[in-house]
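Everything below concerns the one structure shown next.
The values are calculated or read from the model by the stated rules, or taken from the named source; none is laboratory data. Small disclaimer: the values here were computed from a predicted structure and weren't measured. Every residue, glycine among them, receives a Cβ derived from its backbone with ideal geometry; neighbour counts consider all protein chains shown. Accessible surface is based on the protein model in full, side chains and every heavy atom, while ligands, DNA and RNA are left aside. Shrake-Rupley method; radii C 1.70, N 1.55, O 1.52, S 1.80 Å.
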Amino acid sequence: MARTEVVEKPRNDAYTGLLAISFLALLAAAVLMAMDADSLGKPPDKLQISVPGSTPGKAGEGLKRPDIGGGAAPAPGDKAGPPPGGMGRAEPKALPPLPELAAAEVPAAVVPVKAEAAVAGDPDAPPLPPPSFVPPM
């Protein structure tokens, strides 16, 4: 005779209930997030920024300067070309002279906070500290 073993199916415990609660919480959060995103509407169009003095080229090329009709480069001995200094730009103008500064006042004598000797005749001088305690021997 063949023996048949009876296998008892494991029962659900508290962890199975926590798993079901967390799954329901995730579903509720996804629904609320979709409702919030729907209330915001569609996103705005892509921001277009125009850069003066340049034109966009193809993707990956970068910006190009417009052709302003500079003509051919002058011969090396020709002085009609751009000034030395590079990039064909004019030299900056001279800066205006700086305004004259008023002479600084000479500060008064510095009186230390902890005076070591009395200042004769000065009523605003800080008082002398009490003498330090020296124990008798």
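Annotations for the structure displayed:
A quick yes/no check of all residues on (1) more than 30 Å from Pro130 (Cβ to Cβ); (2) more than 42 Å from the chain's Cα centre (by Cα); (3) open to solvent by less than 90 Å² (accessible area, probe 1.4 Å); (4) modelled with pLDDT under 80:
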| site | (1), (2), (3), (4) |
| --- | --- |
| Gly17 | yes, yes, yes, no |
| Gly69 | yes, no, yes, yes |
| Pro74 | yes, yes, yes, yes |
| Glu91 | yes, no, no, yes |
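- Filtering Gly81, Gly60 for residues that are out of contact with any Cys (no Cβ under 8 Å at 6 or more places or on another chain), part of a loop (DSSP other than H, G, I, E, B) and modelled with pLDDT under 65 leaves a single hit, Gly81.
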